[in-house]
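Everything below concerns the one structure shown next.
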Amino acid sequence: MSVVEELVLEPPTFVQRARRGEPLVYVLSGILVLIVLCALFAPLLAPFPPNHGNILAANLGPSGAHWLGTDQLGRDILSRLLYGARLSLLGPTMIIVFATTFAVALAISSVWIGGWFDQAVARLLDTLFAFPGLLLAILAVAMIGPGLLAPVIALTLAYTPYIARVVRTVALRERHLAYVESCQVVGLSGWQICFRHLIPNVSPIVLAQATIAFGSALVDLAAISYLGLGVQPPQAEWGLMVSDGQSALLNGSPWESLSACVMIIVVVLSVNILGERIALRNERAA
Amino acid sequence: MGVFVSKGIMHRPMRQRLVVLSAALSIVSLAVTSPLLGAVAAEASSKVQYTSTSPAATGTLSSLTWDLPFGEPTTLDYAQSADYGPDMVTSNLCDSLLRLNPDFTISPNLASSWSYGPNHMSLTFNLRSGVKFWDGHPLTSTDVVYSMLRNVNPKVNPVNGAFYANVKSIVASGPLKVVVTFSRPDELFIKEMATISGDVAEKTFLVAKGATFGTAKGGVMCSGPFELTAWHPGNNIVLTANSHYWNTSLEPKAKKVTLDFITDTSILTSALKSGEIDGAFEVPSSTLPALQGSGAGTVYIGPSLALYDLAPTGQGPSVDPKIRQALGMVIDRSALAKQIFHGAATPNYTLIPKPMGWDPTALSTYQQGWNDLKEPLSPAVSAAKALLKGDPNVSKSITLGTLATNQNDLDTSTLIQQEAAQIGLHVVVKQLQPLQLSSAFFVAADRKGIDFLLTAGYLDVRDPLDYLGLIVFPTSIFNYLGFHNATVTSDLAKAQSTFDPVARASLFNQAQAIYEAQHIVVPLLNLNEVVFMKKGITGATTSFAYIYEPNLATVGAAK
């Protein structure tokens, strides 16, 4: 069987995928699904309310009662980790959804309209590139106040040009392919061509970019919370937990910072590898 | 945010993974070593020393790197200083008329002697001869008078003017003689002359620099053991030893001192453990076990006049005495002192805590007044709930301003949030950067939207009237609530004019009973002074008196 036949005619079997190393994709996808489920069902899974603490039982090591120990205020670390998954995943999800939507809209419209509009969008993206995301987030926090809203707005602005530039490049190539011209010849409107053909054809690239950007957004948001500018205490969030646990870490109780770090690393590694695999698959397909 | 497209889609994830994996390895390393550190900490608790002084330094140092408490100072103008950083630095630059010793006693300094006139209506200072400013000009009574009068000159924006409230005039009655006359006798004034309120700078320099005196641009001209060499805003302050210092017993042991502005607890702890910083006052006690166990130096815990409070700003629910009282009833101070401050603090329930060395002859009177007030040590959640029943302010959220970089403050704020929630109060923590918090104490606009400030205030000297003068009078600088009670004002004014310690203590007790009923602050803890010096460094004062003495002059090499 030729490679072309394998790609076009028959989907690869599990064994074939396994030979390509794709079980890793399944494992990582499984981990991500598990973490999302933990976040969704945190109230059912967490042994304690996230803010319930007994300061006299602070900095306890792992035990039957507290699987990951307690933090410096005597709160159950496992419970906070489970609840923390909610805000830790919600923030980057919002950033990526908004940034991807704006990026695709900007990129497709600039490619389709072309001319001065394309130039204007290109300059706008160049301008946005000049602002580092974290700096923009700090500025937004100064104007709006600490919390999730300001960093989400700022990072959405910061991530949009990165995604838009890649989408624009791919869309530009698609725009000049014969099928678009054929669509125009048969009388399809610009909206119809963009929504039915152009966007679906660039979507694998968008998916790959969004997946990779998710990891970066999660790290950025965690960093903002770590600096005290994002999610505020007593809410549970992984970046905040890394920060909160620092003193305990120095004093010999690493569990809070460590567990939050591990969660950040697992999610970031998983989405990055998944994004990489999606991009690889796109390249092969191309 | 990283650039993940600039070099192609495939390269960036690989780099990201490497970065993330490196981070993972670092954390795993920390996780492995931290329990070991903890074990060491437990074994090394004997490395804590409870004392007002550390062993005297015997050797000199070419340079010393010290961390400033709570970061970069807002000013080095003694007349505008009322915070840890400014006071600590200024005390190394400028001499005060009298000297505060490590045990909080007072002794001669620029004034070699002093005497009261009839009925304590005047006070004469005899100045020491042979004292010179850094530029070589001799110190005269003209400099002293000009320097003292700046504390009541509104153009200077002085912050310690309350201590000059009873001063009628300050005049030079000779080249080395200054006479202060009072509108009414003032027992506190002489004690304040051992603090920054009694600092002296060169008149010609003060006049020449005007509003820029004490800034990074204008500099300072004083007679203290260190000269201000450079102030690099946002970076550090560099001091150089004054080789012609008049007080040979306080001749600096270090030729050059670099003062860093590290405020983050973890970074400071790491810098102290690694020896990058030679020492620090006001070390956050949240990492005491880590420092004790590090073997990098010695932790000293000394007596202090510092108080940890929730200060109402006079906004939102903080104006409600019931809210303030209820908050005070639910906060578990013993747990706070033990778990967050690791024992370097004791619970406190009153604005002026139990007698901490007030006039010994009136100790029993002070003690009696305090005994009448003290509250139960354990939190009273049910009673607090009952107190707030039907109070319309319960439904309003309370914004608590706290220092973003200090782990003690962050943990305490979160604990207060949790405990307030038990009685239905919703506390929102607003993290403030060091300069923001410092400004919030003095500028009303910077307190906007904040209902309480988590503060570590302090008495300058061992006299309760020192602190009360800043808080309970209608014109007091820290009276954010606008508290006004004619009896309190009258009793405390009388107390300040009373030189009989027992009679003064009685007047204080009467006023205390009234203002405590209003819960004008939510007292939390009496703090201990926590000082760290790395191996080979010694000589620092380890009591809170460091703040008004040339604290770095005695720091040098150990044997």
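Since every read-out is calculated from the coordinates, none of them should be taken as a lab result. None of the values given here were measured: they were computed from a predicted structure. Cβ atoms come from the backbone with ideal geometry, glycine included; neighbour counts cover every protein chain shown.
So what's the back-of-envelope 222 nm ellipticity for chain A, counting only DSSP H runs of four-plus at -39500 (n - 2.57) apiece and dividing by all residues, rounded to 500?
Working: 14 runs with 208 residues, N = 286.
Per the formula, -24000 deg cm²/dmol.
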For the residue pair residue A:184 and residue B:129, what label-to-label distance in nm results when each label sits 7 Å from Cα along the Cα-to-beta-carbon direction?
10.2
The ratio Rg/Rh over the Cα atoms of region B:51-162, Rh being the Kirkwood inverse mean 1/r radius, stands at 0.99
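Ignore the peptide's own chain and count Cβ atoms of other chains within 10 Å of each Cβ in B:409-419; give me the average, rounded.
Working: counts 0, 7, 9, 1, 3, 10, 8, 0, 5, 10, 2.
Partner-chain Cβ atoms within 10 Å, mean over residues of B:409-419: 5.
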If you average 1/r over every pair of different alpha-carbon atoms in region B:411-501 and take one over that average, what Kirkwood value in Å do you get?
15.6
What residues qualify as long-range amide H neighbours of residue B:134, i.e. H under 5 Å apart, gap of 5 or more or another chain, H built at 1.01 Å from N?
B:222
Report, in whole Å, the centroid distance computed from the Cα atoms of region B:225-249 and region B:346-388.
42
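Using Cβ counts within 10 Å as a stand-in for footprinting exposure, how do A:281, B:447, A:196 rank, fewest first? Each step should come with its number before you reach the end.
Details: A:281 15, B:447 20, A:196 12.
Least to most surrounded, the residues fall as A:196, A:281, B:447.
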For a quick check of your reading of the filter: which chymotrypsin sites (Phe, Trp or Tyr not before Pro) in region B:187-254 sit in a DSSP loop and have no more than 10 other Cβ atoms within 10 Å?
none
Where a ≥ b ≥ c are the square roots of the eigenvalues of the C-alpha gyration tensor, would you call chain B rounded, which needs a/c under 1.5, or, failing that, prolate if a/b is larger than b/c, or oblate?
oblate
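For region A:14-137, calculate the relative contact order in percent as a whole number, restricting contacts to Cα pairs under 8 Å that are 6 or more residues apart. Provide the component values of the computation, followed by the final result.
On the way: 97 pairs, mean separation 21.2, N = 124.
Once normalised by length, the contact order is 17 percent.
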How large is the helix-only mean residue ellipticity at 222 nm for chain B, computed as the sum of -39500 (n - 2.57) over DSSP H runs with n ≥ 4, divided by its residue count, in deg cm²/dmol to the nearest 500?
-9000 deg cm²/dmol
Cα extents of region B:304-528 along the three principal axes, largest first, in whole Å?
46, 36, 36
At the level of C-alpha centres, the distance separating region B:73-99 and region B:504-559, in angstrom, is 16
Among rounded, prolate and oblate, which fits region B:481-528 when a ≥ b ≥ c are the square roots of the eigenvalues of its C-alpha gyration tensor, a/c under 1.5 means rounded, and a/b larger than b/c means prolate?
oblate
So what's the projected area for region B:401-559, the Cα convex hull averaged over all directions, in nm²?
12.7
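Shape verdict for region A:167-212, please, from the Cα gyration tensor: rounded (a/c under 1.5), prolate (a/b greater than b/c) or oblate.
On the way: a/c = 3.39, a/b = 2.12, b/c = 1.60.
Prolate is the answer for region A:167-212, as a/c is 1.5 or above and a/b outweighs b/c.
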Could you state the number of Å between the C-alpha centres of region B:115-156 and region A:20-83?
65
Averaged over every viewing direction, what's the projected area of the C-alpha convex hull for region B:289-331? Give it in nm², one decimal, please.
5.3
Ranked B:441, B:532, criterion: other C-beta atoms within 10 Å, fewest first
B:441, B:532
At a temperature of 4 °C and a viscosity of 1.567 mPa s, determine how fast region A:78-285 diffuses translationally according to Stokes-Einstein, using the Kirkwood radius over alpha-carbon pairs as Rh; express D in µm²/s, rounded to the nearest whole number.
70
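Among A:35, A:108, which comes first, then next, by fewest other beta-carbon atoms within 10 Å? Could you put the intermediate results ahead of the total?
Values: A:35 18, A:108 22.
Fewest-to-most ranking of A:35, A:108: A:35, A:108.
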Using the alpha carbons of the protein assembly as shown, what is the convex hull volume per residue in cubic angstrom, as a whole number?
196
So which lysines pass the test for residue B:534, namely a Cα distance under 30 Å, with those fewer than 8 places away in the same chain ruled out?
B:47, B:253, B:255, B:256, B:273, B:338, B:559
